[in-house]
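These notes are about the structure you will find just below.
The values are calculated or read from the model by the stated rules, or taken from the named source; none is laboratory data. If you're wondering where the values come from, they're calculated on a predicted model, not measured in any experiment. Virtual Cβ from ideal backbone geometry, glycine too; neighbours counted across all protein chains shown. Remember, those area values only see protein heavy atoms, side chains included, never the ligands or the DNA or RNA. Shrake-Rupley method; radii C 1.70, N 1.55, O 1.52, S 1.80 Å.
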Amino acid sequence: AYTGAPSVSDTLLEEYNRRSDAMQPVIQAMGKLGDTRFIPMITMELNNEDKDIAEAAANALRSVSLDNPEAMKYFIPGLQNRDKHLREISFKQLAYYVQPHHAETIAELLKLLYAPNPETRQQLVEILSAILNNDEVVPALIRATKDVNGSVQESAIMALGFKSGPMVHDVLLEIYNGNNGEPKYLAGRALLDLGVPMDELLNLYEYNHP
């Protein structure tokens, strides 16, 4: 029986499955249409060896994510992609668009605390620093202050300076009292940003350096 003309989405899916030379405009059209059925295909093209298609896929996934926020989680594997350009695209999308209420995406992001590459952990800390109002983020940043990589540690310390609360205050004091060099300086600056008086920090310094 006749079921009517195919929808625009169906037409795009057929064109995508043909794997024609018009792949880039097809991906771009998928992004503009915003049909969630396109997400698996768009995500697959993030790894396309053609940089133009990979970038079109990133932009398309961002467009689809505007109405489907949890689709942002599909950028997470890109943080560990072998291609530097794709890693940067994925980082920017996550840093700019993940919100504190995107629980599913944040849960996936937190798994990267144990990623083998320190660059990935560094990017994770920078992403988390923008969503401090999520209850899971501050404990994750506190763990990151003990990272084996100095840059990751320091980024986590700086991020904590934007979140007040007894737990953060105690952690920063512990870092300030127990470290020297850059970690001590950053923890002190973070404590000042959180309202700890300079006199108190100076007294602590003199106590720990008689």
Using a 10 Å cut-off on Cβ atoms, rank the peptides 187-195, 119-127, 161-169 from the highest mean neighbour count down. 119-127, 187-195, 161-169
Helical mean residue ellipticity (222 nm; -39500 (n - 2.57) per DSSP H run of 4+; nearest 500) of the chain: -19500 deg cm²/dmol
Length-normalised contact order of the chain, Cα under 8 Å, at least 6 apart, in percent, tallies to 11
Long pairs among K51/K163; K32/K92; K84/K146; K84/K163, criterion Cα-Cα beyond 28 Å: K51/K163; K84/K163
For V148 and A95, what does the FRET efficiency come to when R0 = 22 Å and r is the distance between their Cβ atoms, rounded to the nearest 0.05? 0.40
Using a probe of 1.4 angstrom, how much of the accessible area of the chain is carbon and sulfur, in percent? 52
Mean-square fluctuation maximum in Gaussian network of the chain, Cα pairs under 10 Å, restricted to P100, P139, P118, hits P139
Probe 1.4 Å, protein heavy atoms only - accessible area per residue of region 1-125 in square angstrom: 55
Rounded to the nearest 0.05, what FRET efficiency do L194 and R37 have when you use their Cβ-Cβ distance and R0 = 35 Å? 0.15
Hey, of (1) 37, 18, 14; (2) 46, 16, 11; (3) 43, 21, 14, which did the structure itself give for semi-axes √(5λ) of the Cα gyration tensor in Å when calculated? (2)
Label 7 Å along Cα→Cβ of D67; region 26-43 residues with amide nitrogen under 18 Å? 27-43
Can you tell me the 0 to 90 degree angle between the C-alpha axis of helix 166-178 and the longest principal axis of the chain, rounded to 10? 60
